[in-house]
Amino acid sequence: MGRTDTEVRTYERDAEGDPHDTREDQVVKPIKSWKGYVWDTWDLPKDQRRLLFKVDAFVLTFASVGYFLKNLDQTNVNNAFLSGMQEELGMWGNELVTSVSIWTVGYVVGQIPSNLLLTRVSPRWVIPALELGWGIATICTASVKSYGALYAMRFLVGLFESGFYPGIHYMLGSWYTPSEIGKRAMIFWLAGAIGMMFSGFLQAAAYTGLHGHGGMAGWRWLFIIDGIITIPLALLGFLFFPNLPQSGVRTWWTTQSEHDLAVSRMKAIGRAGKVPWTKAKVFRILTSWHTYLLPLCYIIWNNGLPQPAMGYWLKSFNDKKNPPVPGTTFTVPQINNLPLPTTGFFVLVALSWGWLSDGPFRGARWPFIYAGAVITLVFSITLRQMPLYDNINGRIAVYWLANIGGGAGPLIFSWVNEICSGDTEKRALLIAMGNDLAYVVQAVAPNFVWKTTDFPAATKGYTWSIVLQVLLILETALIQLLLWRDKRRAARLDDSDSSLRAPSADSDGSPSPIDDVVK
């Protein structure tokens, strides 16, 4: 069934102004103290504080640990390539880029069906099942004997991983309010970045401690270790991962009053539950500008970030035929570990954005999209124009800081969750579309702009990043303009309805019940 104009204006926020409307204040209290800015639950009533403690423990913790492991499983192929896989499997051309593209194909195939499935089947079963699948596929990757077999396993890993990231963002939007979701989306996403960082540590440890053990190279052990630590979490997910609050099925670790409170919190901010698919609903989605511009914002952001190049740069010093700087070389552990401060600097900046967006910026996401685009634009120009080997320490410092502008992604999805609050199917679809189509571009673009053979200079790649950062700025401005237009239209409709309702009162002179709803 479609929503009336009154329902749209009452519940669907513009996600750009004050996130706390009158209806929301009845259930979801706005942040008022310094403690609330540090962590929002400290400013909430006791019942909400207890509920969010449970949700953080079972949803956010599971999601963060799962994404940490997902990124171990996703990036281990790059670490393995730098630690012996290239030589053992004969990957002397663009096979590494091809393996990433094939992983992306699997990832693309599964995302939209998986996210729409979450609106019909409980995430408690869908998300852990996907995680179990990618853990098993990761272990099997250790046995590959050719890059053809590697391609097959990477496709399966991508297929099983496909529903996790967009599915968790949809889940966060189904449990948290605008003053809560930004920082948690950032924590969840940064757990993956930390997973990338630990992948380097883990590969260095596997290469040093397990290389040759059991007759296997160290890079093979990395896949075994990653899979072994992924499977237990998947099994725990079947027990602890929750249902959607609006599904009508209470999760076992919530009391009935907590379940009712979770439903009330989502109603207060206009997060709708599932409704049947109808022709009218499909038409509304297809004719909405949201459907085209919101996923595009994430697509541009995702593909505009420079790809990691420091490892290739470090490895290029070891060229025995034409050493760029004679006498300067780097060991395998150094190649894996020296890029790690890049993630550390990035995590610190991105975390601050999550807190600022939820707190002092009162739920605004767009300032950080602009900031990230400008910062990434500056560093992309620097890496493109800076000589490769004239200033080794200076280039290391630039590599370490080059990613600090890349933290807007989780806030973009938080923005989508908020803009599309009034339609849960649309919300699930657009989050999946954004992530899915971003990886469609990733399956194609690297073969032209981020070729393995172009590293470490990667001039085409940095030019690509420069162009996309400019487009991201323009795209974000267009979204803001359309939100402002829609807000003005809604305000005019509200004024018109108010003038029509003004004389309306019950026989005793009290306001009509409809007035209480609209307020």
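Can you give the FRET efficiency to the nearest 0.05 for ILE228 and VAL121, using r as the Cβ-Cβ distance and R₀ = 41 Å?
0.90
If the viscosity is 0.890 mPa s and the temperature 25 °C, what Stokes-Einstein diffusion coefficient in µm²/s follows for the chain when Rh is the Kirkwood radius over Cα pairs?
After rounding, the answer is 101 µm²/s.
Mind listing which trypsin sites (Lys or Arg not before Pro) in region 55-158 are in a DSSP loop and have 12 or fewer other Cβ atoms within 10 Å?
In loop regions of region 55-158 (DSSP not H, G, I, E or B), the sparsely surrounded trypsin sites (Lys or Arg not before Pro) are ARG120, LYS145.
Under a point spin-label approximation (7 Å from Cα along Cα-to-Cβ), what is the GLN334-LEU239 distance to one decimal in nm?
Distance between label points: 4.7 nm.
Below 11 angstrom from the Cβ of LEU51, what's the summed charge of the other residues (Lys, Arg +1; Asp, Glu -1)?
Around LEU51, the surrounding residues sum to +1.
With a 1.4 Å probe and every protein chain left in place, work out the accessible area per residue of region 289-394 in Å², rounded to a whole number.
44 Å²
Rounding to the nearest 10 and keeping the result within 0 to 90°, find how far the Cα-based axis of helix 424-444 lies from the longest principal axis of the chain.
Approximately 20 degrees, to the nearest ten.
On C-alpha positions alone, give me the angle between the axis of helix 340-358 and the longest principal axis of the chain, in degrees, nearest 10.
Helix 340-358 sits roughly 10 degrees off the main axis of the chain.
Tally Lys and Arg at +1 and Asp and Glu at -1 over the other residues with C-beta under 12 Å from the C-beta of TRP39: what net charge comes out?
Charge balance near TRP39 sits at -1.
Name the lysines eligible as straight-distance cross-link partners of LYS460: C-alpha to C-alpha under 16 Å, and not fewer than 8 places from it in the same chain.
Cross-link targets: LYS451.
Once the Cα atoms of helix 409-419 and of the chain are each reduced to a long axis, what angle between those two axes, in degrees from 0 to 90 to the nearest 10, is obtained?
So the inclination is approximately 20 degrees.
Within region 239-328, list the chymotrypsin sites (Phe, Trp or Tyr not before Pro) lying in a DSSP loop whose Cβ has at most 11 other Cβ atoms in a 10 Å radius.
TRP252
Using θ = phi - 60° and the Karplus form 6.51 cos²θ - 1.76 cosθ + 1.60, what ³J(HN,Hα) does each residue of region 57-62 get, whole Hz, x for Gly and Pro?
Calculated HN-Hα couplings, in order: 5, 9, 8, 5, 5, 4 Hz.
Of TRP253, ALA350, TYR147, which is farthest towards the positive pole of the chain's charge dipole, taken about the Cα centre with +1 and -1 on the beta-carbons of Lys, Arg and Asp, Glu respectively?
TYR147
What does the extension gain come out to for LEU293 and THR453, with contour length at 0.36 nm per residue minus their alpha carbon separation?
54.2 nm
At 0.36 nm per residue, minus the direct Cα-Cα distance, what do ASP390 and ARG492 gain on full extension? Give it in nm, one decimal, please.
30.6 nm
Obtain the radius of gyration and the Kirkwood radius of region 239-311 from its C-alpha atoms and give Rg over Rh.
Numbers: Rg = 18.9 Å, Rh = 16.2 Å.
Checking Rg against Rh, the ratio lands at 1.17.
Would you check the accessible area of VAL349, probe 1.4 Å, heavy atoms only, in square angstrom rounded to 10?
Accessible surface of VAL349 is approximately 40 Å².
With a 1.4 Å probe and every protein chain left in place, tell me how much accessible area THR424 has, in Å² to the nearest 10.
Its heavy atoms expose roughly 0 Å² to the probe.
Roughly how many Å is it from the Cα centre of region 326-348 to that of region 217-294, as a whole number?
The distance from the Cα centre of region 326-348 to that of region 217-294 comes to 36 Å.
Just in region 291-328: which trypsin sites (Lys or Arg not before Pro) are loop by DSSP and have at most 10 other Cβ atoms within 10 Å?
LYS320, LYS321
The values are calculated or read from the model by the stated rules, or taken from the named source; none is laboratory data. Given the structure is predicted, the values throughout are model-derived calculations rather than measurements. Cβ: placed from backbone, ideal geometry, glycine included. Neighbour counts: every protein chain shown. Areas reflect the complete protein model, heavy atoms only, side chains present, ligands, DNA and RNA absent. Shrake-Rupley method; radii C 1.70, N 1.55, O 1.52, S 1.80 Å.
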